[in-house]
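Have a look at the structure below before the remarks.
The values are calculated or read from the model by the stated rules, or taken from the named source; none is laboratory data. Predicted model, so just to flag it, every value in this text is computed and none were measured. Cβ atoms come from the backbone with ideal geometry, glycine included; neighbour counts cover every protein chain shown.
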Amino acid sequence: MKEVQSDKVLKEKKPDEKWSNWGRLGRWNVVGYKIIEGNKGHRADRLERARYMLVNRPWDVMYEHSYGLVSRFFEGLMGKRLLGTKCTKCGDVFCPPRAHCWRNKCRLAETQWVQMPMRGTLHCFTVLGFAGEAFLSDLPFILAYVRVEGANTLIAGRLVGMEPEDVECDMSVEIRFVEQPSGNPMDIYFVPAGPPLARRSAEEKARMRKELEPIREWVSERFGQQHSRQ
Amino acid sequence: MRKSVMAKPLASIVSAGVTKFGAREGVYARELFVEAAQEAFDACPNLSPQRDIDGLFVGMMSESYEHQAHVAPMIADWLGILPVPAFRTEAACASSGVAMRCALYAIQSGMHEVVLVGGVEKMTNLRTAAVTEVLGMASDYPFEQWHGISFPGIFALMATAHMAKYGTTEEQLAKVAVKNHQNGTLNPKAHFQKRITVDDVLSSRVVAWPLKLYDCSPISDGASCIVMTAPKLARKFTNSPVHIVASVQAQDTIGLYERDDVTSMNVTRIAARKAYEMAGVRAEQIDVAEVHDCFTIAEIMAYEDLGFCSQGQGGTLVDDGITSLGGKKPVNTSGGLKAKGHPVGATGTAQACEIYLQLTSQAGKRQVDGAEIGLTQNVGGSASTGVVQLYRRGD
């Protein structure tokens, strides 16, 4: 029988010591409370007053997880190479990668790694005006779903180098890497390529700009000077 | 006008209960569920919960809100119906739509005869940014969540594609919100109890352009439930049962990034087509519908995918008032997720509760006159789960 080999760490970046306290810091403690007199009842038109106690209890986690069968994609990002996978049976190309083909006729065929071109077409986009805690200070940012040339799927990423009101579905984009990739899907971002499609009228652009202005004000009020990840 | 829909009932609804939806700070999820169940029990004096109920199905999306898993036995415990078997289903915002289907399996198999099906979510325990992250778990990890994409973001992506392809406007989106808020004022259980204008929507804060705050359903606490029986037993509990005559579920990719076209929901289209076939009903015959308007664009897409109009024409339906109360095809008379609120696990059965009220003429000021055939459409995640069900008034 073949001997089972133990795991070898090939490369490592240890998390900073500060993260080791992450779970312990707020664990289970009641760090604040309120006694409240509020409304009770199950119809807006028939409410009674009721008293209850409310507590603040911080709790959080740090994950340690692998990138599974598509780990090579993330290693590729660290080396500034955009990889996808290709089904050897039907030829579909996945970027983001899938380890097995999605078509049932291919019967979970294993895919092969391929290098993807750094070009694509913007399929759709949004300008985020609110987000999860970690991304609030980046607002407003343009999030785009791009079809990398040759791929059957779309990949998410930020679009920079363009005002939100100039972004259009179907525009061409170039894919770039951040200066220091860390093996994170956010290691790539998009910039506009080719002439603008200019489908939006001047009035529509002005309106969109006006709609987004309060976000910029909110962010600079809350976080001071605006900063971006790129 | 009498309709000739005599499809065989799969199961019957004999009672229903919903809590007030909203920021329900002073109660736990299990207490919310008790509140909903109490209403359903009170409305059905022939039902003895302890004696009759032989199964419990609960939809709930996330343990993160209350740090509480294993909720099915907990709710059975709080309802005083131990030791009946209790099941929890999770399908993001379609959790209790899927719970209803599991209950149907149970009844259709003959192993259960009277079951309680419901859903609950206690969302306001976390701050808005944290709720955004918890809900975001229903999108793809790592290819969507890591970009800071939120569910408003996912539906905004669908919206920009819909606008680019069909010319749908921000005003049309806003009109969905205005309509549903108007309906919400007629529903004492609704989270929001105030009318809004198109201008209110358009000038509210952008959450994920083109969606503004008033295009989005709120973060709500709430629970809902129905008492479901084998059709042959329905008359034992009520003189006015509502029959479920079709129930279809479909799935799509977990990530929105793997779809060819994001302007239509495959799951709704497929499930609706099969459901109409199953019940022998045409889209035109639906008297009242509760659709999954987690965001205004989702209601417009639902009109199209349910066949209420052709692809791309959803905006004109709301322009013409066709889906308003008093229009030809009233949609979301309860206020919808938009105004009634969207405690995600509770939403699927809350939609069924509204159809139950409508088809038994108990919907009060928002009653659709003579409603006989109803539809619910419940969607989970980026429309990765879709449940479409059809109901008819008991004869």
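Restricting attention to region B:360-395 and to residues that are within 18 Å of B:Ala11 (Cα to Cα) and of a type in the set (S, T, N, Q), the residue that is farthest from the chain's Cα centre (by Cα) turns out to be B:Thr360. Assess whether B:Gly307 counts as being in contact with a His (Cβ under 9 Å, 6 or more places away or on another chain), outside any strand (DSSP E or B) and in contact (Cβ under 8 Å) with a residue 12 or more places away in the chain. No: the conditions fail for B:Gly307.
Filtered by the rule that a residue be more than 7 Å from every other protein chain (Cβ to nearest Cβ) and within 22 Å of A:Leu54 (Cα to Cα), region B:124-155 gives B:Thr124, B:Asn125, B:Leu126, B:Arg127, B:Thr128, B:Val131, B:Val134. Residues in region A:48-60 that are more than 8 Å from chain B (Cβ to nearest Cβ) and closer than 20 Å to B:Phe21 by Cβ: A:Glu48, A:Arg49.
Taking the stated definitions as given, is B:Ala72 in contact with a strand residue (DSSP E or B) (Cβ under 9 Å, 6 or more places away or on another chain), over 29 Å from A:Met53 (Cα atoms) and either surrounded by 24 or more Cβ atoms within 10 Å (Cβ to Cβ) or of a type in the set (A, V, I, L, M, F, W, C) (or both)? Spelling it out, it is not the case that B:Ala72 is in contact with a strand residue (DSSP E or B) (Cβ under 9 Å, 6 or more places away or on another chain), over 29 Å from A:Met53 (Cα atoms) and either surrounded by 24 or more Cβ atoms within 10 Å (Cβ to Cβ) or of a type in the set (A, V, I, L, M, F, W, C) (or both). Taking region B:163-188 as the range and being within 9 Å of chain A (Cβ to nearest Cβ) and either buried (at least 24 other Cβ atoms within 10 Å of the Cβ) or within 22 Å of A:Leu143 (Cα to Cα) (or both) as the test, the residues that pass are B:Met163, B:Ala164, B:Lys165, B:Glu170, B:Asn187. Aliphatic (A, V, I, L, M) and touching a residue at least 40 places away in the same chain (Cβ under 8 Å): does that describe B:Val84? No: the conditions fail for B:Val84. Within region B:95-123, which residues are over 24 Å from B:Cys216 (Cβ atoms), in a helix (DSSP H, G or I) and in contact (Cβ under 8 Å) with a residue 12 or more places away in the chain? The answer is B:Ala99, B:Met100, B:Arg101, B:Cys102, B:Ala103, B:Leu104, B:Ala106, B:Ile107, B:Gln108. The numbered conditions (1) away from chain A (no Cβ under 14 Å); (2) crowded, with 18+ Cβ neighbours inside 10 Å; (3) part of a helix (DSSP H, G or I) are all true for B:Arg273 except (2).
Selection of region A:28-46 for residues being closer than 26 Å to B:Ala223 by Cα, more than 8 Å from chain B (Cβ to nearest Cβ) and part of a loop (DSSP other than H, G, I, E, B) yields an empty set. Quick check on my filter: what residues within region B:177-202 are within 20 Å of A:Arg207 (Cβ to Cβ) and either basic (Lys, Arg) or touching a Phe, Trp or Tyr at 6+ places or on another chain (Cβ under 9 Å) (or both)? Selection gives B:Ala177, B:Val178, B:Ile196, B:Asp200, B:Val201, B:Leu202.
Based on this model, can you work out whether A:Pro140 counts as within 20 Å of A:Val219 (Cβ to Cβ) and not basic (Lys, Arg)? Yes, satisfied.
From the list A:Cys124, A:Cys95, A:Cys101, A:Cys106, which one is closer than 19 Å to A:Val191 by Cα and assigned by TED's automatic domain parsing to the domain that holds A:Arg72? Just one listed residue meets the conditions, A:Cys95.
Taking the listed residues B:Val227, B:Val207, the one that is outside any helix (DSSP H, G or I), more than 14 Å from chain A (Cβ to nearest Cβ) and of a type in the set (A, V, I, L, M, F, W, C) is B:Val227, with no other qualifying.
All of A:Ala144, A:Ala131 fail the test of being in contact with a helix residue (DSSP H, G or I) (Cβ under 9 Å, 6 or more places away or on another chain) and without any contact (Cβ under 8 Å) to a residue 24 or more places away in the chain, apart from A:Ala131.
For region B:182-197, the set of residues classified as part of a helix (DSSP H, G or I) and either polar (S, T, N, Q) or more than 24 Å from the chain's Cα centre (by Cα) (or both) consists of B:Gln182, B:Asn183, listed by residue number.
Answer yes or no: is there a residue in region B:28-49 that is among the small types (Gly, Ala, Ser) and modelled with pLDDT under 95. Within region B:28-49, not a single residue is among the small types (Gly, Ala, Ser) and modelled with pLDDT under 95. Scan region A:89-98 for residues that are assigned to a loop (DSSP other than H, G, I, E, B) and buried (at least 16 other Cβ atoms within 10 Å of the Cβ) and jot them down. The answer is A:Asp92, A:Cys95, A:Pro96, A:Pro97, A:Arg98. Taking every residue in region A:167-183 that is within 30 Å of A:Lys13 (Cβ to Cβ) and pairing it with any residue that is surrounded by 15 or more Cβ atoms within 10 Å (Cβ to Cβ) and hydroxyl-bearing (Ser, Thr, Tyr), at least 6 positions away or on another chain, the pairs with Cβ-Cβ distances below 6 Å are A:Arg176/A:Tyr189. For region B:126-181, a residue qualifies if it is assigned to a loop (DSSP other than H, G, I, E, B), among the hydrophobic types (A, V, I, L, M, F, W, C) and farther than 22 Å from A:Pro164 by Cβ, and the qualifying residues are B:Leu126, B:Met137, B:Ala138, B:Phe143. With the requirement that a residue be within 11 Å of chain B (Cβ to nearest Cβ), more than 19 Å from B:Thr168 (Cα to Cα) and not hydrophobic (A, V, I, L, M, F, W, C), what does region A:183-208 give you? Across region A:183-208, the qualifying residues are A:Gly183, A:Asn184, A:Pro185, A:Asp187, A:Tyr189. Exactly one residue among A:Pro117, A:Pro140, A:Pro97 is more than 9 Å from every other protein chain (Cβ to nearest Cβ), farther than 17 Å from B:Glu258 by Cβ and either more than 14 Å from the chain's Cα centre (by Cα) or not aliphatic (A, V, I, L, M) (or both), and that residue is A:Pro117.
Looking at A:Lys80, A:Lys86, A:Lys105, can you tell me which residue is away from chain B (no Cβ under 14 Å), farther than 17 Å from A:Ala151 by Cα and not in a loop (DSSP other than H, G, I, E, B)? After applying the criteria, what remains is A:Lys105. State yes or no: is B:Gly394 modelled with pLDDT of 95 or more, surrounded by fewer than 24 Cβ atoms within 10 Å (Cβ to Cβ) and within 27 Å of B:Asn239 (Cβ to Cβ)? For B:Gly394, the condition - modelled with pLDDT of 95 or more, surrounded by fewer than 24 Cβ atoms within 10 Å (Cβ to Cβ) and within 27 Å of B:Asn239 (Cβ to Cβ) - is not met.
Among the residues of region B:39-56, is any buried (at least 18 other Cβ atoms within 10 Å of the Cβ), small (Gly, Ala, Ser) and more than 14 Å from chain A (Cβ to nearest Cβ)? Yes: region B:39-56 contains one or more residues that are buried (at least 18 other Cβ atoms within 10 Å of the Cβ), small (Gly, Ala, Ser) and more than 14 Å from chain A (Cβ to nearest Cβ).
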